[in-house]
Amino acid sequence: MKIAFIVGCFPVLSETFIINQITGLIDRGHEVDIYGNPPDDSSKVHPDVNRYQLLAHTHYPPKISKNYLWRILKGIVLIITNFHKSPLVILQSLNFFKYGKQVFSLRLLYSVMRLLEAQTYDIIHCQFGTFALEGMILRDIGAIKGKLITTFRGYDISLFVQQNGEHVYDSLFSKGDFFLANCEYFQKKAIKLGCNAKKIVVHGSGIDSARFPFQVRHPHPDGKTRITTTGRLIEKKGIEYGIRAVAKVSKIYPKIEYNIIGDGYLQESLQQLIQSLNIADKVQLLGWKNQPEIIEILDKSDIFMAPSVTAISGNQDAPVNTLKEAMVMGLPVIATIHGGIPELVKDGISGFLVPERDSDAIAEKLVYLIEHPEIWPLMGQAGRAYVESNYDINKLNDELVQIYRRVMMNDLYQQEATIAPIESMTL
């Protein structure tokens, strides 16, 4: 199959789930092209980006100037030099009455430039509903051809909807060929917003368990408990509450270390919080690390925390891959009753679930784990078994190919007879 991925910035370390799908499809003999934007920071990339030479298959639009006059002048040059390639597509991209702001900003015109000589695809897979809106327009004007599949992953079905209204996806639900959600929680939200229940299934984000070495966890000889969190330093990751919990626990068990991997707009305020709580010797903001570096840190850790919260904006998390990676390496986890996370972490079995924004509850579970290291191996083994059973990347990529093939074979998903085979799939 020939498959187009429409994404945001590519590649970025925080979205390994996209790379996992792309490389899995390539391994299965399919052709994949990637349409996205250059990342702000390309100094660190996932090893598979180079191993699979993914940048050679990645197409970026021309850079858009912040100066609107320069943007117009460059747009005129782009039209003159490329008009012969696809006149109708270029004219459609300038249809202000139909596409409004995207035409006025010239973003649609710039976006189609990388597609003027694109091949016809079997599948156009849009990662996040926000980019599916763009993919839908690009297909409408004939810039790209193929069956349109959308994956909802988190902010696109929570924050974005709250910001733009519950009807923001009405056209997409009508025109899109099929939909995926990375957890049941977001599948139900999509259906509530108007997605045909027969056109959406749950398809989780997988990881390659073989890349994350399992070990049975026991206390370190030095008596120090090492805790780790991996995630962007943004509100919905709830890292503030992890820091506050560690501050409380450190008064009882001073031999504690908390490493936070990631960066984001809250870095300065979190650093100030650490200083104000007088725990700078116990809590470190490590910045972004690539996968081998993360594995090395997790390998030396005892407990993993994911204190996610529903942001004031409404932004929410799915069962995040960083949790899966920690669980598959044998770490007991503490996470929150938030979004799709309870679908991944089984309370009291592979870890503990606590209410959102409750640093006291997090501290209580931390103390329990510190005082009962005998349960670390049991939780670690349960976590790995669950991830291997439900989030194995090879199994999920095989299922993704099956979904693609069935979407290609069926034109009328509204008909119950044709949707039944996909609806019955266990994903």
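The values are calculated or read from the model by the stated rules, or taken from the named source; none is laboratory data. All of these numbers come straight from a predicted model, not from anything done at the bench. Every residue, glycine among them, receives a Cβ derived from its backbone with ideal geometry; neighbour counts consider all protein chains shown.
How many of the residues making up the stretch 338-373 are among the acidic types (Asp, Glu), farther than 22 Å from residue 254 by Cβ and assigned to a helix (DSSP H, G or I)?
We begin by selecting, within the stretch 338-373, every residue among the acidic types (Asp, Glu); these are 343, 347, 356, 358, 360, 364, 371.
When the remaining residues are screened for being farther than 22 Å from residue 254 by Cβ, the result is 343, 347, 356, 358.
Pick out the ones that are also assigned to a helix (DSSP H, G or I) and you get 343.
Within the stretch 338-373, residues that are among the acidic types (Asp, Glu), farther than 22 Å from residue 254 by Cβ and assigned to a helix (DSSP H, G or I) number 1.
Looking at 335, 311, can you tell me which residue is crowded, with 24+ Cβ neighbours inside 10 Å and more than 18 Å from residue 214 (Cβ to Cβ)? Just a single option satisfies the conditions, and that option is 335. Condition check for residue 77 on (1) loosely packed, with under 14 Cβ neighbours inside 10 Å; (2) modelled with pLDDT under 95: one failure, at (2).
With the structure loaded, tell me whether residue 371 is touching a strand residue (DSSP E or B) at 6+ places or on another chain (Cβ under 6 Å) and of a type in the set (Asp, Glu) or whether it fails that test.
On the way: touching a strand residue (DSSP E or B) at 6+ places or on another chain (Cβ under 6 Å): no; of a type in the set (Asp, Glu): yes.
Judged against the criteria, residue 371 is not a match.
Only residues that are of a type in the set (S, T, N, Q) and in a helix (DSSP H, G or I) were counted in the stretch 38-81, giving 2.
Under 24 Å from residue 184 (Cα atoms), of a type in the set (A, V, I, L, M) and either crowded, with 22+ Cβ neighbours inside 10 Å or more than 22 Å from the chain's Cα centre (by Cα) (or both): which single residue out of 157, 137 fits that description? Explain how you work it out, then say what you get.
Numbers: 137 fails: under 24 Å from residue 184 (Cα atoms).
So the residue among 157, 137 that is under 24 Å from residue 184 (Cα atoms), of a type in the set (A, V, I, L, M) and either crowded, with 22+ Cβ neighbours inside 10 Å or more than 22 Å from the chain's Cα centre (by Cα) (or both) is 157.
Those residues that are more than 30 Å from residue 161 (Cα to Cα) and under 16 Å from the mean Cα position of the chain (by Cα), I need them from the stretch 291-319; list them, please.
291
Each residue in the stretch 358-380 was checked for being farther than 14 Å from residue 256 by Cβ and in contact with a helix residue (DSSP H, G or I) (Cβ under 6 Å, 6 or more places away or on another chain), and 1 pass. Scanning the stretch 74-117 for residues that are under 25 Å from residue 58 (Cβ atoms), free of Cβ contacts under 8 Å to residues at least 40 places away in the same chain and of a type in the set (Lys, Arg) gives 74, 85. Taking residues in the stretch 291-316 that are aliphatic (A, V, I, L, M), and partners anywhere that are at pLDDT 95 or above and part of a loop (DSSP other than H, G, I, E, B), the pairs with Cβ atoms closer than 6 Å and at least 6 places apart or on different chains are 298/329; 303/332; 309/238; 309/356; 309/357.
Does the stretch 200-208 contain any residue that is more than 30 Å from residue 140 (Cα to Cα) and of a type in the set (Ser, Thr, Tyr)? Show your work before the answer.
Of the residues in the stretch 200-208, the ones more than 30 Å from residue 140 (Cα to Cα) are 206-208.
Filter once more, keeping what is of a type in the set (Ser, Thr, Tyr): none.
Within the stretch 200-208, none of the residues are more than 30 Å from residue 140 (Cα to Cα) and of a type in the set (Ser, Thr, Tyr).
Scanning the stretch 204-231 for residues that are under 16 Å from the mean Cα position of the chain (by Cα) and crowded, with 22+ Cβ neighbours inside 10 Å yields 204, 205, 206, 207, 230, 231.
Taken over the stretch 323-347, the criterion of being of a type outside the set (Val, Ile, Thr) and either in contact with a Cys (Cβ under 9 Å, 6 or more places away or on another chain) or without any contact (Cβ under 8 Å) to a residue 12 or more places away in the chain (or both) is satisfied by 339, 340, 342, 343, 344, 347. Those helices (runs of 4 or more DSSP H) of the stretch 174-293 in which 1 or more residues are of a type in the set (Gly, Ala, Ser) and in the same structural domain as residue 407 (by TED's automatic domain parsing) occupy 184-193.
Condition check ((1) surrounded by 24 or more Cβ atoms within 10 Å (Cβ to Cβ); (2) modelled with pLDDT of 95 or more; (3) of a type outside the set (Gly, Ala, Ser)) across all residues:
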| position | (1), (2), (3) |
| --- | --- |
| 147 | no, yes, yes |
| 152 | yes, yes, yes |
| 176 | yes, yes, no |
| 186 | yes, no, yes |
| 191 | no, yes, yes |
